[in-house]
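What follows is a single structure, written as structure tokens, with notes after it.
The values are calculated or read from the model by the stated rules, or taken from the named source; none is laboratory data. Remember, predicted model here, so these are calculated numbers, not experimental data. Every residue, glycine as well, gets a Cβ built from its backbone with ideal geometry; the counts of neighbours run over all protein chains shown. Areas reflect the complete protein model, heavy atoms only, side chains present, ligands, DNA and RNA absent. Shrake-Rupley method; radii C 1.70, N 1.55, O 1.52, S 1.80 Å.
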Amino acid sequence: MKLKEFLQLPENHFTASQITRWLWRALRGNRLQAVLNASIGLLGVALSLASVWAMQRAIDTASGVREGSIYAAVGIMAALILGEFALGISRVWVKNILGIHAQNRMQQQLMARLLRSEWRGREAMHSGDILSRLEQDVRQVVTFLTETMPSTLSTVAMFCGAFIYLLQMDTWLAIVTVGILPLFLIVSRIYILYMRRFTRKVRDCDSQVQSLLTETMQHRMLVKTMEADSLMLTRLETIQSELRRWVRRRTAFSVASNFFLNVGFSLGYLIAFLWGALRLSQGTITFGAMTAFLQLVYRIQGPARELTRLVPAFVSVFTATERLMELEETPEELQGEPRMLPGPCGIRFHDVTFNYGAPGQQPTIEHASYDFPPGSCTAIMGETGAGKTTLIRLLLALVKPQEGEISLTPGPGLTPNPSPRGEGNFGEEALTPLHRCNFVYVPQGNTLFSGTLRENLQLGRPTATDTEMIEALRMACADFALELPDGLNARFSEQGGGLSEGQAQRIAIARSLLRSGSILLLDEATSALDADTERQVLKNLLSKKDHTVIFVTHRPAVVEYCDQVINI
């Protein structure tokens, strides 16, 4: 039987071998913690079995069956107990210190993968769902790789060691003790079938709760002004009640399963006790040997319990791994060294057609041919839904046209070369994500991050000096920020809390101006500014004539500064 069939995993495009390989690759970066946990676990097994021997020896010494010092026997037990304490402290240290490193590392790797992936235009996953995967699913996978799997090794070692020890003392008792395990393995398949379903439902409901909380907090001003507090709380309660329902069902099933499991183990323990008591009454074993019997049976049943719990752990980690693998399905953008061209450079559309939907649907942009010459200033205008936002995404190489080509027209200073298309278009280069460094993009709306003014400006250029930041603020008519308490170190809350929309917009312009690209792309970048401030910002931006400027706008004041207007 295949692993996926045994685990009753849902059918999808990830096979069990693919998931296993992904987990193996993830383990490579966490081997130190896994090895340390496994080593601590195996040492714990050795100390635990040695404790059984020491207890038997101490009891037999105290009862006169064995010669020796009772103090020495108790001293050995004390040393073993101290050793187990030390291992417990080591286990906590490894879990808390290395564990958070492992979780952070996997989150960074997945975040880097998401940031490098192609922008598809219509995201299939809610941001709250993605956050849930990056937090809860990552934690579950890391815990499984660095704690569950290493502990499984020590669990198996404990089971085998205790069984061999008991087998040497009493063959039939050892066989009876482990004879019930095959039955548990058969029942575990039924357990998996239901527990997998319950676990998936709980995780899905968790993601829905996370999504609603994220959106509500992002739009809390809208919720307040629409007086929709009760509505949002009702929606939250509806999803949470569904979550509680599945948690209750999963808990009830787990409690019932554990009850029958514990009944079976308790029955096995009583059999072992009766067996030892009868042999003790017959004088065939010592009291110390009977104590050792019970200790060994416990050390066999304990690992057996852990092994039965390992199966649902596999189901849960397979589910979590699938959810993380889904984050990596979107292909990566072209990776490599950024291709900076001498500026100002222009950009040209060659019969471009782009469609977000399936083939056959009406294209968003169809057979478009535009020319933005080096050093020119262009206004792009059009009705809502005409394709202005799509045009921006095409310019920034976030999406690729299905037909035609977008190319950069380098300014003076670049050695002429043939077009990559082989058509001899003198000095042109086909636009790729590697050319994004040539763009200075100011997006629409409030795009400030929580943190200091300096940290926001450093998004434009991490190495920018204070002088360069101050100059950019002045160019964007945002020098008011220098009068804030703490100046460049002034701290903002989320989305520049405490600033007006116009102030936040001017800081965003300053941030973009710190970039070194020669194509300035502004998406309604002055929409929140008053007429005088807008006029001064435009005058500053266009005074040096060292950029190719593209405005996406509906404001007539902007059009007055442009060389050409493109209506979409």
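Compute the Cα gyration tensor for the stretch 521-568, then decide on rounded, prolate or oblate, letting a ≥ b ≥ c be the square roots of its eigenvalues: rounded whenever a/c is under 1.5, prolate when a/b is larger than b/c in the other cases, and oblate in all that remain. If you can, show how the numbers build up before the last one.
Numbers: a/c = 1.65, a/b = 1.05, b/c = 1.57.
Oblate.
Set the bar at 31 Å for Cα to Cα. Now go through LYS388/LYS539; LYS95/LYS224; LYS388/LYS545 and name every pair that lies beyond it. Display every interim value, and only then the final one.
Details: LYS388/LYS539 24 Å; LYS95/LYS224 43 Å; LYS388/LYS545 24 Å.
From LYS388/LYS539; LYS95/LYS224; LYS388/LYS545, over 31 Å: LYS95/LYS224.
From the phi of every residue in the stretch 429-434, what ³J(HN,Hα) in whole Hz does the Karplus formula 6.51 cos²θ - 1.76 cosθ + 1.60 yield, where θ is phi - 60° and glycine or proline is x?
10, 4, 5, 9, x, 5
Given H placed on each backbone N at 1.01 Å, which residues far from GLU428 in sequence or on other chains put an amide H within less than 5 Å of it?
Those lying under 5 Å, H to H, from GLU428 are ASN417, SER419.
Tell me which residues come under 5 Å, amide H to amide H, from VAL565 once H is placed; ignore anything under 5 positions away on its chain.
Amide H neighbours of VAL565: ALA379.
Ignoring ligands, DNA and RNA, please state the percent of accessible area on the stretch 429-501 from carbon and sulfur, probe 1.4 Å. Display every interim value, and only then the final one.
Values: 1820 of 3590 Å².
Of the solvent-accessible surface of the stretch 429-501, carbon and sulfur hold 51 percent.
Counting only other residues whose beta carbon sits under 12 Å from that of GLU366, what net charge do I get with K and R as +1, D and E as -1?
Values: positive: none; negative: ASP351, GLU403.
With Lys, Arg at +1 and Asp, Glu at -1, the neighbours total -2.
Determine ³J(HN,Hα), in whole Hz, for all residues of the stretch 550-561 in sequence, where each value follows from phi through the Karplus function 6.51 cos²θ - 1.76 cosθ + 1.60 and θ = phi - 60°; x replaces Gly and Pro.
10, 9, 9, 7, 10, 8, x, 4, 6, 4, 4, 8
Just subtract the alpha-carbon distance of THR15 and ALA50 from 0.36 nm times their residue separation and send over the number in nm, one decimal.
8.3 nm
What's the extension gain from GLU403 to THR432 if we count 0.36 nm per residue and subtract their Cα-Cα distance?
Working: separation 29, 0.36 × 29 = 10.44 nm, distance 1.48 nm.
Difference between extended and current length: 9.0 nm.
Apply the Karplus curve 6.51 cos²θ - 1.76 cosθ + 1.60, θ = phi - 60°, to the phi angles in the stretch 96-112 and return the couplings in whole Hz, x for Gly and Pro.
7, 7, 6, x, 5, 5, 5, 5, 4, 5, 5, 4, 5, 5, 5, 4, 4
Whole number please: convex hull volume per residue of the Cα set in the stretch 447-524, in Å³?
Numbers: hull volume 6.5 nm³, N = 78.
In the stretch 447-524, the Cα hull volume divided by residue count equals 83 Å³.
Leaving out ligands, DNA and RNA but keeping every protein chain, what accessible area does VAL440 have, in Å² rounded to the nearest 10, with a 1.4 Å probe?
0
Enumerate the aspartates and glutamates that LYS544 could reach by cross-link, defined here as Cα to Cα under 18 Å, with residues fewer than 8 away along the same chain left out.
Reachable aspartates and glutamates: GLU468, GLU471, GLU534, GLU560, ASP563.
What residues have an amide H closer than 5 Å to that of LEU521, excluding those fewer than 5 places away on the same chain, when H is modeled at 1.01 Å from N in the peptide plane?
VAL440, TYR441, VAL442, ILE550
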